[in-house]
Amino acid sequence: MTTDREVHPCDRFDWEGIVLSCRWSGLIGGTGRPGTTRKQTRGGIAGPTFKAVALVYATHANPDGSRVFPSDARVAVLSEVGMATVKAIRQKLIELGLLTPDGREGRAPRYRLTMPSDLFEHVEFWSPAQITETAKAMRDRRRGPRGSSSTDVDNE
């Protein structure tokens, strides 16, 4: 990671939008068994799991992105994952500059939602147009192209 990165406070609404628009799969890889043909997923964290835990942190922030201090156990319960997963994701959010420690020495640590200047060098970000296009393609695969109907009959 770059040491000259700038990290700016981010409000909850903007931070949630960033988290939703990023692709988190593969960010925390697994170990698997070296030398086997098995997938290297043991201990890895899937993108949807990463996103769920990150969004739980956001739900505990003030609207301006400050005062984030849920316990690991609370985050684990709310996101339906184990505490080790929460700890790994929290550490990665801090490493990426999306969560910044913000005091409370001697008590549960408090964080602030932040936006690092180099985030998109480390994670893939989808624009609103990419999200719309991908959602449309998924819908079309499921039910056919828009405007066509399975009841349309050619009357020739």
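The values are calculated or read from the model by the stated rules, or taken from the named source; none is laboratory data. Not measured: the values here are computed from a predicted model. Using ideal geometry, Cβ is built from the backbone for each residue, glycine included, and neighbour counts are taken over all protein chains shown.
Summary table
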read-out: Hey, S66 of a type outside the set (F, W, Y), more than 20 Å from L20 (Cβ to Cβ), modelled with pLDDT of 95 or more and more than 18 Å from the chain's Cα centre (by Cα) or not; value: yes
read-out: Matching residues in region 59-77 - criterion: being surrounded by fewer than 20 Cβ atoms within 10 Å (Cβ to Cβ) and in a helix (DSSP H, G or I); value: T59, D72, A73, R74, A76, V77
read-out: Subset of region 78-134 (residues that are of a type in the set (A, V, I, L, M) and assigned to a helix (DSSP H, G or I)); value: L78, M83, A84, V86, A88, I89, L93, I94, L96, L119, A129, I131
